[in-house]
Amino acid sequence: MKIKVCVSLTCLLLGSILAPPAMSEAKYKFKMTSITPKGSLTFKLFPKQIADKVAVVTDGKVAIKPFGGFVLASIFEGHKAVLDGRADMALHYPVFEINQNPASAFIGDMPGGMSATAKIFWVLGGGGKKLWAQYRNSMGLHGLFCGAIGSEIFAHSHKKIQNLSDLKGFKYRTAGANTWVMKKLGASPTLVPGPEVFTLLERKGVDGAEYLDPFGNYSLGIHKVAKYVVVPGIHAPGGLYELLMKKSTWDAFPEDIKKKIEIVCDSTMINAFSTLNANNADAIEKMSKNSKNEIVQLSPEFLAAVRKAGREWAEEKIKEQNAKGNPWMEKLARSYFAFQDKWKKNKIYYVTE
């Protein structure tokens, strides 16, 4: 076999264009912690895609090295890791800080809140982005919306949950604001780490559990240990991920670099959102065809009760945060709910199928 070696000027130039920029040549170098193990689909769709695209659009001036969760920091504390210097950046899910910063529910996930699609509209076109930037700046941080996920499954359950009365005494693994909501509606919520959900359900330590979106749960085989697949995910209708860094880091970038990183985040959001939801549809189809599973639709009464209780949770947190001199819970809540109400009233033009 003959091997042709390219020695022409054209080939040499082409090689230099196609070769990825070396990190050692970058002007700005960052370590990024993330919410997912290295090698997972989520890692490829978010941290890796962000790092790869940033290197390309900045011609190698900005180099980001992404790390899997629990390497630089726990998946639950990306915001803390950035502030204390363990990481320069974080691919962060704001819902993880809800106990300290309840306003994060409006970006992470709000029980009875907007779908991911409507939330994107609010963030990018309805003022949410500007408000969130001001909120993060008040913490010494800067956050860019760099990912969106679809609705989760409400529960993989051993009991059929469909009407509000079915919740009474229902032992339910959940987290965040939904813990308050489910308790108010009669369930018995409990929190265990996500990786323990499969075993907990398999051993019938709970009646039902929520964890991830359809594709995520299906990939873990959770549908194999509980008959009922309860939808829609009204407890977690759609969340956004952040590319989080210190405000001083962001401010140090020249304007052209800022614009390029924003373009990367917009691109990553739509590409990953499309991929995840195509996979979610496949997962639902497979569970629908599985004779060992039954898809259960929550009643309109149930959905309405969750929406009402979610707003009651928010109003309670507004009072608590205002008493502490923190106005951001109320500022974000008023903007979020106003957009949700407007969208619900005026989306008659919008085709969803």
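The values are calculated or read from the model by the stated rules, or taken from the named source; none is laboratory data. Owing to the predicted nature of the structure, the values given are computational and were not obtained by experimental measurement. Glycine gets a Cβ as well: all are built from the backbone with ideal geometry, and neighbour counts include every protein chain shown.
Each row is one residue, and each column tells you yes or no for (1) out of contact with any helix residue (DSSP H, G or I) (no Cβ under 6 Å at 6 or more places or on another chain); (2) under 25 Å from ILE120 (Cα atoms); (3) among the basic types (Lys, Arg).
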| position | (1), (2), (3) |
| --- | --- |
| CYS146 | no, yes, no |
| SER157 | yes, no, no |
| TRP180 | no, no, no |
| TYR211 | no, yes, no |
Answer yes or no: is there a residue in region 75-86 that is touching a Ser or Thr at 6+ places or on another chain (Cβ under 8 Å) and among the charged types (D, E, K, R). yes
Elements of type strands (runs of 3 or more DSSP E) contained in region 82-191, each with 3 or more residues being in the same structural domain as VAL54 (by TED's automatic domain parsing), touching a residue at least 40 places away in the same chain (Cβ under 8 Å) and surrounded by fewer than 24 Cβ atoms within 10 Å (Cβ to Cβ): 141-148
Which of the numbered conditions does ASP266 fail, given that it passes all the others? Conditions: (1) within 21 Å of PRO94 (Cβ to Cβ); (2) surrounded by 15 or more Cβ atoms within 10 Å (Cβ to Cβ). (2)
From the list GLY143, GLY127, which residue is over 24 Å from ASN178 (Cβ atoms) and either more than 16 Å from the chain's Cα centre (by Cα) or at pLDDT 95 or above (or both)? GLY127
Verdict on PRO232 being within 15 Å of the chain's Cα centre (by Cα) and in contact (Cβ under 8 Å) with a residue 60 or more places away in the chain: no
Here the residues within region 54-71 that are modelled with pLDDT of 95 or more, surrounded by fewer than 20 Cβ atoms within 10 Å (Cβ to Cβ) and under 20 Å from the mean Cα position of the chain (by Cα) are PHE67, GLY68, VAL71
